[in-house]
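Since the structure comes first, as structure tokens, the remarks are kept for the end.
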Amino acid sequence: MVGPLKNRETCPAACKTQTPAIPMIVGVCALLAIVAASTTHSLAENPAATDRSAAASPADSVNTLKTEIERLSTRLKKLQERVETSSNPPSELNAIRTKMNELAQSTAALALLTKKVESLDARVAATDKQVASFREQVVAVKEQRKRAADSGQTAFPTHHPETPSDGDITTGINAFKASRYKEASDLFRALTVSRPDDARVWYYAALSHALATNQWKDETIRLFNKAVEREKAGTPAKALIDASLASVTEPSVKKWVDYFRRAAQR
């Protein structure tokens, strides 16, 4: 049972691709047989034609047979070319493949545009956080002014006007948020001289110096300790410091601020 079953197995794909040529070759052979039979029949019915054929030279007969074979060979070649051509994919399939490639390229471009939109959303969200931080600072300033008015004191020392100094601090904070740490470090370093009593100046001086130099000890610790000293002294109010440092959200950086601010509250 095993042998016969094996002989009945389906022919591989390579065999199938050659099968269409077999009926055509058989057809050509049949055509040759019909031509030979027709020639024999005509010779039998016409003795005179037989005599004339006998009188013809063998070379003429050979040439005639060669011509017929060449004609049939040409037809067979054309039939084979048609069979081979029919196995190629139709032009409609090529058009579909072209459209699919164009669609894939369009999809890739759309994915890139989506990433750009997501990046823009992140920037808008960061801007919203900055606006919220500024609003908190305004509220804190108003509260400090109100407390100063109730106690009969000015909100800020006369030699440190509020607007110019806070404007310088805001400029430094913006540079810090934009990751221009060297620029921010220079600005806050100057503010530690012009406004040494402001804890915000010292906190940002420490952070920008550490990020600009990648050094989190020695000078950075000294600047943080000065910030703790000024926060313990109450300059400025805790609400102002909270609002100013609200923009420090990077966990690895924020943990330094939280550590030293806890020390300031002991």
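The values are calculated or read from the model by the stated rules, or taken from the named source; none is laboratory data. Since the structure is predicted, the reported quantities are computational estimates derived from the model, not experimental observations. Backbone-built Cβ (ideal geometry, glycine too); neighbour counts: all protein chains shown.
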- Task: Quick one: which residue in SER119, SER133 is under 28 Å from the mean Cα position of the chain (by Cα) and not assigned by TED's automatic domain parsing to the domain that holds ASP242?
- Result: SER119
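Residues checked against (1) assigned to a helix (DSSP H, G or I); (2) surrounded by fewer than 19 Cβ atoms within 10 Å (Cβ to Cβ):
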{"residue": "TRP202", "(1), (2)": "yes, no"}
{"residue": "ALA206", "(1), (2)": "yes, no"}
{"residue": "LYS217", "(1), (2)": "no, yes"}
{"residue": "LEU223", "(1), (2)": "yes, no"}
{"residue": "ARG230", "(1), (2)": "yes, no"}
{"residue": "GLY234", "(1), (2)": "no, yes"}
{"residue": "ASP242", "(1), (2)": "yes, yes"}
- Note on the structure: Expected output for the stretch 236-254 (first residue under 12 Å from GLN144 (Cα atoms), partner surrounded by fewer than 21 Cβ atoms within 10 Å (Cβ to Cβ) and among the polar types (S, T, N, Q), Cβ below 6 Å, 6+ apart or cross-chain) is ALA237/GLN144
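Name the one entry in LEU93, LEU72, LEU103, LEU110 that is modelled with pLDDT under 75, more than 30 Å from ALA243 (Cα to Cα), out of contact with any Phe, Trp or Tyr (no Cβ under 8 Å at 6 or more places or on another chain) and outside the structural domain of THR249 (by TED's automatic domain parsing).
Numbers: LEU72 fails: modelled with pLDDT under 75; LEU103 fails: modelled with pLDDT under 75; LEU110 fails: modelled with pLDDT under 75.
Matching residue, one of LEU93, LEU72, LEU103, LEU110: LEU93.
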- Query: Which number in (1) over 25 Å from GLN144 (Cβ atoms); (2) modelled with pLDDT of 95 or more; (3) not in a helix (DSSP H, G or I) marks the one condition that ASP197 misses?
  - Reply: (1)
- Out of (1) touching a residue at least 40 places away in the same chain (Cβ under 8 Å); (2) surrounded by fewer than 23 Cβ atoms within 10 Å (Cβ to Cβ), the one ARG180 does not meet is (1)
